[in-house]
Amino acid sequence: MITRRGLPVAWAGLVGSAFAVGGVLHARGVLSIDHLPPLHALARRPTAASMAALVPAAAFAAVAVPVLPRLTAHLPLRAALAAAFGVSLAWTVLLAVSGEGLAWPFTHPQEYLAVLGVAGDDPLGWLAGFTRDLPAYPTHVRGHPPLPVLVLWALDAAGLPGPFWAAVLVVVVGCSATVAIGLAVRRVSGEEAARRALPYLALSPAAVWVATTMDAFFAGVGAWGTALLLLALRGDGGSRARGRVDRVALGLGAGVALGALPYLSYGLVPYLLIPCVAAAVVLGGTGVRAASAAVLACLAGMAAVSALFAAGGFWWPDGVAATHAEWTADPGAARPYLYFLFANLAVLALVTGPATAAGLTAPRLSAGPSAGRVLPVAALVAVLALDLSGVTRGEVERIWLPYALWLTAAAGRVGDRRLLAAQALTGLLLQGLVRSPW
């Protein structure tokens, strides 16, 4: 058994061994497309200028580490959630601007924005031909369903075009996952658990990839879908009729968000385990009959999303088959399965930070709700399913984001200020030493 004292060593050993083995494989030409395996990134050589650029983020973290836990512990819950969201947003932006900038990843020719011209004024026609025309599209579009492009198309049509506004959307929605996960943790494990988790969510090392990868947007959508579902399942508030209407509206919103996930990324199908497990825990306390209207509304919302895409000419199984064909022809499919089987988990450890590992292995803090580990463990099971499948070989620093944030909530179980500082330090080191294309 790994003790609390030996946990940082075990965490560093897992991460370090993945980089060591990856370096050997890269030197031998086995991982020619990954220059800093297990990350799909380049090493950033520290310079006086790059270190100076990190000073604002470091100064912000130095203030946030001691102050934010006090705020989230003592402010009214809404204010505590707002404070955590503000810190998450500031932390993410400060890290991004210390490097290539907030919008830089969206300028890459393999990103989603590159196909907006093809969609043009006929997004429905583009959707109907998506599977047929998939081989002609950039890498990220070929690897995903069509909804990410349609989201950016809608943003452009609303008068907010280009990489900057795409980055704003992704960062704001991605950082808002801190609030949504906080609400979900409160519903499952109680308010104290939510308050303890908020600082770790806000200062997560994952912020390095929240700015700016589209997977951060996926994380926000999934987190809010789960939170809305759990809010819909509550049995309190207002008159019986009004409460029923509210639950149906929340359930429908949850269903639309959760139903959108498989159309944002094929790798988000296992993500649905998280809201299912969370709902099962909550229903154990409220009763299935009282929440049946909310559950049916959620299922209706999910079905409506699938029906709309089918009516638009996109059949999800055909999209999976077409993307799998593209993946098998891509150099990424040749990455060694056994290496990434453990290296992917090392990246997960890096993205979630040492405090998350401590939280997952910590004993119960009190005699309160026993569900404190339920949501992070559900996320971990979903990650393991994807990892074992072999379709996630590398580039998981972005793919894991929707799952990593739920895992990070486990860090609140330790309540150690030093581990919160370690989270921030991990983020600073990643930003300072790694040049990621996202």
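Read-outs: derived from the displayed coordinates by stated rules, not from any lab. Predicted model only: the values in this text are computed from it and were never measured. FYI the Cβ positions are ideal-geometry reconstructions off the backbone, even for glycines, and counts take in every protein chain you see.
Structural remarks
- Contour excess over end-to-end distance, with Cα ends at ALA300 and ARG28 and 0.36 nm allotted per residue: 92.7 nm
- Pairwise FRET efficiency - LEU124 versus ARG44, Cβ, R0 = 51 Å, nearest 0.05: 0.75
- Interchain or long-range residues, amide H under 5 Å from LEU36's placed H: ALA41
- Taking every DSSP helix (H) stretch of at least 4 residues in the chain, weighting each as -39,500 (n - 2.57) and dividing the sum by the residue count yields a mean residue ellipticity at 222 nm of -22000 deg cm²/dmol.
- Amide hydrogen neighbours beyond the local backbone of GLY353, cut-off 5 Å, H modeled: none
- A dipole drawn for the stretch 1-157 from +1 and -1 charges on Cβ atoms has a positive end, and of ALA12, HIS35, ALA58 the residue lying farthest that way is ALA12.
- Inter-probe distance in nm under a simple model that places probes 7 Å from Cα toward Cβ, at LEU429 and VAL9: 1.7
- Placing +1 on the Cβ of every Lys and Arg and -1 on the Cβ of every Asp and Glu, with nothing else charged, gives the stretch 7-435 a dipole about its Cα centre of roughly 1440 debye.
- Simple spin-label estimate for ALA311 and ARG70 gives 5.5 nm between the two label positions (7 Å along the Cα-to-Cβ direction from each Cα).
- Applying the criteria of a DSSP loop state and at most 16 other Cβ atoms within 10 Å to the chymotrypsin sites (Phe, Trp or Tyr not before Pro) of the stretch 249-324 yields TRP315.
- Rounded to the nearest 20 debye, the dipole size of the stretch 1-108 about its Cα centre is 320 debye, using +1 on the Cβ of Lys and Arg and -1 on the Cβ of Asp and Glu.
- Model label sites at VAL63 and VAL269, defined 7 Å from Cα along the beta-carbon direction, differ in position by 4.7 nm.
- Amide H contacts of VAL434 (H built 1.01 Å from N, in plane; Pro and chain starts excluded): ARG44 sit under 5 Å, all sequence-distant by 5 or more or on other chains.
- Derived scalar couplings ³J(HN,Hα) [the stretch 308-321; Karplus, 6.51 cos²θ - 1.76 cosθ + 1.60; whole Hz; x for Gly, Pro]: 5, 5, 5, 5, x, x, 10, 9, 4, x, 5, x, 4, 5
- Quarter the surface of the alpha carbon convex hull of the chain and you get the mean projected area, 21.1 square nanometres.
- Distance cut-off 20 Å, percentage of C-alpha pairs in the stretch 1-115 lying past it: 67
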